[in-house]
Amino acid sequence: MKISDYVRVILSELSEHSPAIQDEQGEQLVKSILAARKVFVAGAGRSGLMGKSFAMRLTHIGVEAYVIGETNTPAFTSEDLLIVGSGSGRTETLLVLAKKARGIGGSVASFTLSAESPIADLSDEVILLSGAPKDQHEGNHHTIQPMGSLFEQTLLLMYDAVILRLMEMKKLDTHKMYGHHANLE
C-alpha cells in the first residue's frame with residue numbers, strides 16, 4: 001500500500017470507533033475539570049505524550065494544569081483532579097499514582113479501553129474508549145496499526161474534543177488562548 005492508503009485506513013479506523021464515545025462521560029469530565037483547583041495529567045509511553053498535549057491545551061484555555069513527573073509539578077491536594085490515560089488500565093506506575101491521589105482525597109478520571117480494569121476501579125469517572133489493545137491477540141479487535149496506536153490516536157482526539165467543549169463553555173476562541181501561550185519561543 002502507499003502512504004496515502006495507510007492514512008485512509010487509519011482515518012477509517014478512527015471513524016469506525018468514534019460512535020462508541022459516550023457524551024455523558026465526556027460532559028462529566030468537563031464539569032470536573034471546571035470544578036478542580038488544579039488538573040494533573042498522567043500516562044505512560046505514547047499515551048503520556050497525548051496527555052502532555054492535553055495539559056498544554058488546558059493551560060492555553062486558562063486551566064491550571066500539570067503533567068505528572070515534570071520538575072514544575074506542584075503538590076496534589078483534595079481539591080485537584082488527576083486524569084489518567086491507560087488503554088489496558090493496568091499500567092503499574094499509573095495505578096500507584098491513582099491510589100495516591102485517592103488517598104490524598106482528590107478525584108481521579110481515567111480514559112481506558114476496559115471498565116473492568118484496576119484503573120477504572122480506582123477512578124471516580126471512567127471515559128471508555130473503543131479500540132484495540134496493545135496485545136491484539138486478545139479479544140475481537142482488529143487494526144492494521146501496531147500496538148496501542150488506535151487507542152492513543154482516539155485518546156488525543158478525545159482530549160482535543162474536551163478542549164473544544166471547554167472553549168465553548170468558557171466562550172474562548174483561538175485568539176483569546178494566545179494570552180496563555182508561550183511567548184519565549
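The values are calculated or read from the model by the stated rules, or taken from the named source; none is laboratory data. None of the values given here were measured: they were computed from a predicted structure. When we count neighbours, we look across all protein chains shown, and the Cβ atoms used for this are built from the backbone with ideal geometry, even at glycine.
Numbers below:
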read-out	value
Members of segment 112-132 found to be surrounded by 20 or more Cβ atoms within 10 Å (Cβ to Cβ) and at pLDDT below 80, listed by number	G131, A132
Unmet requirement for L34, which otherwise passes all of (1) hydrophobic (A, V, I, L, M, F, W, C); (2) buried (at least 16 other Cβ atoms within 10 Å of the Cβ); (3) within 17 Å of the chain's Cα centre (by Cα)	(2)
Of all residues making up segment 60-82, the number that are crowded, with 16+ Cβ neighbours inside 10 Å and at pLDDT 95 or above	9
G45, sole failed condition from (1) surrounded by fewer than 21 Cβ atoms within 10 Å (Cβ to Cβ); (2) on the phi < 0 side of the Ramachandran plot; (3) not basic (K, R)	(2)
Filter result (under 17 Å from L172 (Cβ atoms) and touching a residue at least 12 places away in the same chain (Cβ under 8 Å)) within segment 56-78	R57, L58, T59, H60, I61, G62, V63, E64, A65
